[in-house]
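Notes follow once the structure below has been shown.
The values are calculated or read from the model by the stated rules, or taken from the named source; none is laboratory data. What you see is a predicted model, and the numbers here were worked out from it, not measured in a lab. Cβ atoms come from the backbone with ideal geometry, glycine included; neighbour counts cover every protein chain shown.
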Amino acid sequence: MNAFFDYMIKYVQLLRISDVIDVLIVAVIFYYMINLIRETRAMQLVKGIVFLFAVFFLSQWLKLNALNYILGGAMQIGAFAVVVIFQPELRNLLERMGRFKVGNIIDFAADTTEDELDRLIESVTLATVNMSSTKTGALIVIERTTRLGEFINTGTMLDANVTSGLLENIFVPNTPLHDGAVIISNNKIATAGCVLPLTANNNLSRELGTRHRAAIGLSEVTDAVVIVVSEETGKISIALNGSLTRNLSGDSLAKALKKVLNRNQEANEKIDKIMFWRSKN
């Protein structure tokens with residue numbers, strides 16, 4: 001036992017600051033990768049790969065030469081297979097990495113004043129609640145850091161001020177633009193009748209229709225916030241980062257939008273915490 005503790009003390013003494021930083025970086029990378037794939041089909045594939053490795057080492061230990069040879073050959077092309085199998089998840093990860101920058105802490109609010117943001121949230125919330133009460137299906141996208149040009153170009157350009165009345169009129173049933181999405185960019189209704197990508201997630205509830213799947217699909221590949229009103233039930237949902245929050249009230253929707261879009265407030269809170277910590281030390 002003493003020998004073990006002596007070894008551990010010696011090992012710790014040999015640690016450098018760079019080694020600690022190295023381990024922390026690897027831990028953070030693994031943490032975010034697991035968070036990225038845990039709600040997707042990739043998690044089941046990861047479990048399968050772990051099982052395959054376990055069988056490989058077990059066959060090596062038990063000297064099951066034929067099985068070990070077959071598994072060893074399969075693992076030689078495993079890296080290529082993983083890239084092919086995890087292509088959607090890897091793409092999602094790289095897109096999120098590409099969106100990250102220091103400027104993100106002021107992303108949407110960088111060009112939007114506090115009053116403008118409040119008016120935007122008020123108009124969107126009022127329109128959403130009104131459409132919910134009449135069970136009018138709606139799909140509203142609010143652009144953040146990721147530019148949505150490729151999706152904006154699929155709709156009819158409006159470049160109009162955001163008002164609850166206009167949003168409600170766009171989604172009136174059987175009108176030309178009611179069946180697509182509205183995209184709000186730079187505090188304006190940029191376009192309506194847009195086509196959004198559907199999610200490839202097959203594990204979603206069968207209750208979710210095309211609007212909900214389109215909302216999740218866009219939120220998987222961008223950082224946009226997407227609001228959905230169900231045509232069947234009138235329930236309000238919000239999609240962000242590939243996750244869907246359902247059955248929101250008007251108040252909870254407004255609070256969620258305020259939290260997501262008002263990044264200046266979040267940045268100020270972080271600065272206040274840092275300054276408080278420094279003052280305590």
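Looking across A160, A200, one residue alone is small (G, A, S) and modelled with pLDDT of 90 or more. It is A160. Only residues that are farther than 19 Å from A224 by Cα and touching a helix residue (DSSP H, G or I) at 6+ places or on another chain (Cβ under 6 Å) were counted in the range 172-203, giving 1. Among all positions in the range 128-135, there is no residue which is farther than 15 Å from V226 by Cα, outside any helix (DSSP H, G or I), in contact with a Pro (Cβ under 9 Å, 6 or more places away or on another chain) and assigned by TED's automatic domain parsing to the domain that holds V221. Selection of the range 157-167 for residues being surrounded by fewer than 14 Cβ atoms within 10 Å (Cβ to Cβ) and assigned to a strand (DSSP E or B) yields M157, D159, N161.
A quick yes/no check of all residues on (1) farther than 29 Å from N262 by Cβ; (2) under 22 Å from the mean Cα position of the chain (by Cα); (3) in contact (Cβ under 8 Å) with a residue 12 or more places away in the chain:
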site: V162; (1), (2), (3): no, no, yes
site: A192; (1), (2), (3): no, no, yes
site: N203; (1), (2), (3): yes, yes, yes
site: E220; (1), (2), (3): no, yes, yes
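Selection over the range 195-233 of residues that are of a type in the set (G, A, S) and in a loop (DSSP other than H, G, I, E, B) gives a count of 5. Scan the range 168-176 and tell me whether some residue there is at pLDDT 90 or above and part of a strand (DSSP E or B). Within the range 168-176, none of the residues are at pLDDT 90 or above and part of a strand (DSSP E or B).
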